[in-house]
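Below is one structure; the comments refer to it alone.
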Amino acid sequence: MPDSTPSSAPAVPLLDLKAQYDRIRDEVEPAIRDVIESQMFILGRTVSDFESDIARYCDTDEAVGCASGSDAIMLALMGLGIGPGDEVICPSYTFFATGGYITRAGATPVFADIDPATYNLDPASVREVAGRCRNLKAIMPVHLYGRAADMDAMLAVGGELDVPIVEDAAQAIGSRDATGAPAGSRGAAGCFSFFPTKNLGGFGDGGMVTTNDHGLAERLRILRVHGGERRYYHQVIGVNSRLDALQAAVLRIKLKHLDRWTDERRDNARHYDQRFHRAGAVTSADDWVHADLPLATPAAPDAPARHIYNQYVIRVPAALRDGLRDHLRERNIGTEIYYPVPLHRQECFAYLGYEQGDLPATEAASRETVALPIYAELTREQLDHVAASIIAYVTEHSGATTGGHAGRTV
Ligand SMILES: Cc1ncc(COP(=O)(O)O)c(C=O)c1O
């Protein structure tokens, strides 16, 4: 497959939400109108019905809606009684909200390194970091990019240390771990985001906490409405964090399509995998730097695990990454870097005292990863254009990286 010229090739944005909307417009618009006619905008029946839908989908007893995935993290920690003086282990290679909202809950994030094959928390690093904690109260794995973290290992470490596992499942609705269990179903709580770019995305912000702990669900229902079960009587100091009915109405419709969209994303991922592997790439679980094509595709877990590809993230030598993105931009292909600065190197967390080199696998991933378009509506022609453009660039420039790129550091 030759590298298409810019003039003849299709544009491929990183994400095209309009293409998804066009498929469901006829269902969504009446649902929105119904909410407007009811004039019940905050919580209410539509939200509680959607909470039941999500509990069923995630195989949990309870689900409690809130205003965002970030708030879901904060509320779950508050509901578990975690706050000032407490420590929570989490990855540093993640979206800011993981560490930011542990901090918002008053606790201190303690960063552990990742497994470079999966980009998820490395259980050995979690154990090591836990040994240095004085007041560890929870472990928060992130199911990054839609691949479930190693929940068996996380639950085992949590059991040894007698702390709960709070799952940051913001990117992972419908993802399944090695046992086939849905993300958000095995920890003390699962925290979901319905930010528009998520596989199940609303028309604005939204979030949900899943749990099998009825007491926790009750506390969350109180915490999200200023800490009062009865209006104007407050047992605790809560927050204002509710899911609104317009979002719930949209999300209920979208949930019916979610598995089909996920299957389409998975097909797209397989298509990329085949194209890249045929050109000599390997997966992130292999020694990708020395592959015929120095490019790693995301290592796909075997069934019953299920990667839902909220992002399809490849890995290339750091010295090639910026040039590759420029090359793709010229060909109207959108990409993104998740996450160029890991949390332990963010200015706002300087007070925690981390230094460059503290989390080598995290830092290497921040230098070497690039997210490609993976949304359900992509055509084969678009996928081939992306793959061919990348293969052409990496093939042409890989010689230049010898000795110059960071390589696999762990
Ligand atoms: C890993 C992770 N955690 C937390 C969040 C926060 O979710 P939200 O944007 O809905 O607040 C996100 C979403 O962007 C995320 O990707």
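The values are calculated or read from the model by the stated rules, or taken from the named source; none is laboratory data. In this text the structure is predicted, and so the values were computed from the model without any measurement. Note that we place each Cβ from the backbone using ideal geometry, even for glycine, and neighbour counts take in every protein chain shown.
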- Message: Please verify whether residue 53 is touching a residue at least 60 places away in the same chain (Cβ under 8 Å), acidic (Asp, Glu), part of a helix (DSSP H, G or I) and over 21 Å from residue 181 (Cα atoms), treating the condition exactly as stated.
- Response: no
- Message: So for the range 33-54 (the condition being modelled with pLDDT of 95 or more, of a type in the set (A, V, I, L, M, F, W, C), assigned by TED's automatic domain parsing to the domain that holds residue 241 and within 12 Å of the ligand (Cβ to nearest atom)), does at least one residue qualify?
- Response: no
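Of the residues that make up the range 17-28, is at least one of a type in the set (A, V, I, L, M, F, W, C), surrounded by 17 or more Cβ atoms within 10 Å (Cβ to Cβ) and in contact (Cβ under 8 Å) with a residue 24 or more places away in the chain? Show your work before the answer.
Taking the range 17-28 and keeping what is of a type in the set (A, V, I, L, M, F, W, C), we get 17, 19, 24, 28.
After this cut, where a residue has to be surrounded by 17 or more Cβ atoms within 10 Å (Cβ to Cβ) as well, the list is 28.
Filter once more, so that each one left must be in contact (Cβ under 8 Å) with a residue 24 or more places away in the chain: 28.
Scanning the range 17-28 turns up at least one residue that is of a type in the set (A, V, I, L, M, F, W, C), surrounded by 17 or more Cβ atoms within 10 Å (Cβ to Cβ) and in contact (Cβ under 8 Å) with a residue 24 or more places away in the chain.
Does residue 245 meet the test of being touching a residue at least 12 places away in the same chain (Cβ under 8 Å) and within 25 Å of residue 396 (Cα to Cα)? Don't jump to the end; show me each part of the working.
Working: touching a residue at least 12 places away in the same chain (Cβ under 8 Å): yes; within 25 Å of residue 396 (Cα to Cα): no.
So residue 245 does not fit the description; no.
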- If only one of 197, 179 is within 12 Å of the ligand (Cβ to nearest atom) and either surrounded by 22 or more Cβ atoms within 10 Å (Cβ to Cβ) or part of a loop (DSSP other than H, G, I, E, B) (or both), which one is it? 197
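Report those helices (runs of 4 or more DSSP H) wholly inside the range 57-145 carrying at least 3 residues which are buried (at least 23 other Cβ atoms within 10 Å of the Cβ) and near the ligand (Cβ under 10 Å from one of its atoms). Before you say what the answer is, go through the steps one by one.
Details: elements: 69-79, 96-104, 123-130.
Fully inside the range 57-145 and qualifying: 69-79, 96-104.
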- Item | Residues satisfying the stated conditions in the range 243-255, i.e. out of contact with any helix residue (DSSP H, G or I) (no Cβ under 8 Å at 6 or more places or on another chain) and either farther than 10 Å from residue 46 by Cα or charged (D, E, K, R) (or both) | none
- Query: Using beta carbons and a limit of 7 Å, which pairs, at least six apart or on different chains, have the first residue in the range 78-100 and over 14 Å from residue 352 (Cβ atoms) and the second one more than 10 Å from the ligand (Cβ to nearest atom) and basic (Lys, Arg)?
  - Reply: 79/219; 82/137; 86/137
- Taking the range 146-167 and keeping residues away from the ligand (no atom under 16 Å from the Cβ) and touching a helix residue (DSSP H, G or I) at 6+ places or on another chain (Cβ under 7 Å) leaves 150, 153, 157, 161, 164
- Query: Just for the range 182-194: of the residues that are outside any loop (DSSP other than H, G, I, E, B) and either free of Cβ contacts under 8 Å to residues at least 12 places away in the same chain or closer than 17 Å to residue 73 by Cβ (or both), which one is nearest to the ligand (Cβ to nearest atom)?
  - Reply: 193
- Checked against (1) over 22 Å from residue 280 (Cα atoms); (2) of a type in the set (Phe, Trp, Tyr); (3) surrounded by 17 or more Cβ atoms within 10 Å (Cβ to Cβ), residue 312 satisfies every condition except (1)
- Query: In the range 182-225, how many are aliphatic (A, V, I, L, M) and over 16 Å from the mean Cα position of the chain (by Cα)?
  - Reply: 7
